[in-house]
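The values are calculated or read from the model by the stated rules, or taken from the named source; none is laboratory data. Bear in mind that the values here come from a model prediction, so they are computed numbers and not experimental data. Every residue, glycine among them, receives a Cβ derived from its backbone with ideal geometry; neighbour counts consider all protein chains shown. Calculation scope for accessible area: heavy atoms of the full protein, side chains included, ligands and nucleic acids excluded. Shrake-Rupley method; radii C 1.70, N 1.55, O 1.52, S 1.80 Å.
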Amino acid sequence: MKPAKFTYHTPDSLEAAFQLLGEYGDEAKIIAGGQSLIPVMNLRLAQPEHLIDINAINGLSQIREEGDIITIGALSRHREIETSALLKERLPLLPEAAMRIGHLAIRNRGTIGGSLSNADPAAEWSLMAFLMDADIEITSARGTRMADITDFIQSVYTSDLSADEILTAVKFPPIAPGEGWAVCRISRRAGDFAIVSVATTICLDTSGAIENLRLCIGGMDVTPVRISHVEHAAVGQMPNEAWIKSAAEVASGIGSPESDMHASAEYRREMAAHLTAEALREALKRCGGGA
Ligand SMILES: Cc1cc2nc3c(=O)[nH]c(=O)nc-3n(C[C@H](O)[C@H](O)[C@H](O)COP(=O)(O)OP(=O)(O)OC[C@H]3O[C@@H](n4cnc5c(N)ncnc54)[C@H](O)[C@@H]3O)c2cc1C
């Protein structure tokens, strides 16, 4: 199928983009990588009269560290994140997550800003942003505001963006030296969206007990979910196999997974337990702890 007729705009500054957004309001859509928008336009599920292509705007695709914050510009492609030397060193779970997104052609065009604006609960960047408590930078003609990821992604395909706003950057804290991490997912075929995904980071103290744990699961609810009671209860625990099994059991009971054409709710719960155990074991290996 082909999309309905639209007018294509290529502003070369944020100001020019805001002017177009102000002029056309709900009749306009921003296009970044086009990897989600174009398929829905081809299916005529979206029929914007104006497409505002933000790719000619400078300064939206940098990946940089300032102080202890890593800022990833909205137009950074999945592939740029996958191959970033800075991220491989300071936040290696992001390149690891990026390499699982779709296929190379999708990763070459798709952007982190487009993915988060799209608010697909199965998307890799939603999982990473919830895991790391990312902050979202949103800019409009009225100025710039920051939003916590939990306020930004509200439900399936529902974000806190108004029609006149552009997601301009995502801010992540780096992981600490020696911190273990893992990203695990299951999909029916390579290149498909994940059915269930789990990401974690673990810090151990000098005695080998858990000092800090982040644990996040996707595919079990309308947004990724942090398993905060496991995170809090883990502090001070020795990370042995019994602890891993109890965390996995909690993960299997999280959220309200749906049965759909990809998997039954029961299968999702089984995979949640399996992937949680796998992720915790892998993260512990990375920080020198063993179960
Ligand atoms: C076959 C296939 C497999 C895929 N597999 C995966 C996968 O396994 N994991 C995964 O995470 N993703 C997957 N994707 C989705 C892919 O990652 C998309 O690139 C991403 O979801 C959207 O990013 P984009 O830059 O292409 O956004 P676009 O398609 O350009 O835009 C998406 C939406 O966001 C809005 N938007 C875009 N940028 C901004 C911005 N800066 N500010 C405000 N609004 C904005 C647009 O108006 C539109 O509504 C897959 C896609 C395909 C086609």
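Using the alpha-carbon positions of the chain, Rg (one decimal) and Dmax (whole number) come out as 19.5, 64 Å. Between the C-alpha center of segment 121-152 and that of segment 1-40 there is a gap of 21 Å. Accessible surface comparison of LYS171, LYS245, probe 1.4 Å, protein chains only, largest first: the order is LYS245, LYS171.
Is the shape of segment 1-103 rounded, prolate or oblate, going by the alpha carbon gyration tensor and its root eigenvalues a ≥ b ≥ c, with a/c under 1.5 for rounded and a/b larger than b/c for prolate? Verdict is oblate for segment 1-103. Backbone amide hydrogens, once placed in the peptide plane, bring ILE70 within less than 5 Å of PHE172, excluding anything fewer than 5 places away on its chain. Protein heavy-atom accessible surface, 1.4 Å probe, per residue over the chain: 46 Å². Principal-axis analysis of the Cα atoms of the chain puts helix 265-286 at an angle of about 70° to the longest axis.
Here the spin labels are modelled as points 7 Å beyond Cα on the Cα-Cβ line, and at ASP151 and ASP133 they lie 1.5 nm apart.
Once the chain from ALA141 to GLN19 is taken as fully extended at 0.36 nm per residue, the excess over their C-alpha distance is 43.1 nm.
Beta bridges from DSSP with both residues in segment 180-286: antiparallel share about 100 percent, rounded to the nearest 5. Label-to-label distance, ASP164 versus LEU104, with points set 7 angstrom from Cα along the beta-carbon direction: 4.4 nm. The HN-Hα couplings worked out from phi for segment 64-72 by the Karplus form 6.51 cos²θ - 1.76 cosθ + 1.60 (θ = phi - 60°) are 9, 10, 10, x, 10, 10, 9, 9, 10 Hz, whole numbers, x standing for Gly and Pro.
Taking label positions 7 Å along the Cα-Cβ direction at both GLU249 and ALA4, the computed distance is 5.3 nm, reported to one decimal.
Taking amide H as placed 1.01 Å from N in the peptide plane, the amide H of SER159 sits under 5 Å from that of GLN154, each at least 5 places away or on another chain.
When nucleic acids and ligands are ignored and a 1.4 Å probe is applied, TYR24 ends up with an accessible area of around 50 Å². For the pairs LYS245/LYS285; LYS88/LYS171; LYS171/LYS285, note any where the Cα-Cα span goes beyond 23 Å. Distance filter (> 23 Å) returns LYS171/LYS285.
Taking 21 Å as the straight-line reach from the Cα of LYS29, the lysines in range (excluding those fewer than 8 positions away in the same chain) are LYS2, LYS5.
Among the trypsin sites (Lys or Arg not before Pro) found in segment 37-89, those both in a DSSP coil and sparsely packed, with 13 or fewer other Cβ atoms within 10 Å of their Cβ, are ARG44. One chain, two ends: MET261 and LYS88. Fully extended at 0.36 nm per residue, the span grows by 58.8 nm beyond their Cα-Cα distance.
Solvent-accessible surface of protein heavy atoms, probed at 1.4 angstrom with all chains present, puts ASP260, ASP192 in the order ASP260, ASP192, largest first.
For segment 63-172, what value does the Rg/Rh ratio take when both radii are computed over Cα atoms and Rh is the Kirkwood radius, given to two decimals? Rounded to two decimals, Rg over Rh is 0.94.
The apolar share of the surface of the chain, taken as the fraction of accessible area on carbon and sulfur atoms (1.4 Å probe, ligands and nucleic acids excluded), comes to 49 percent.
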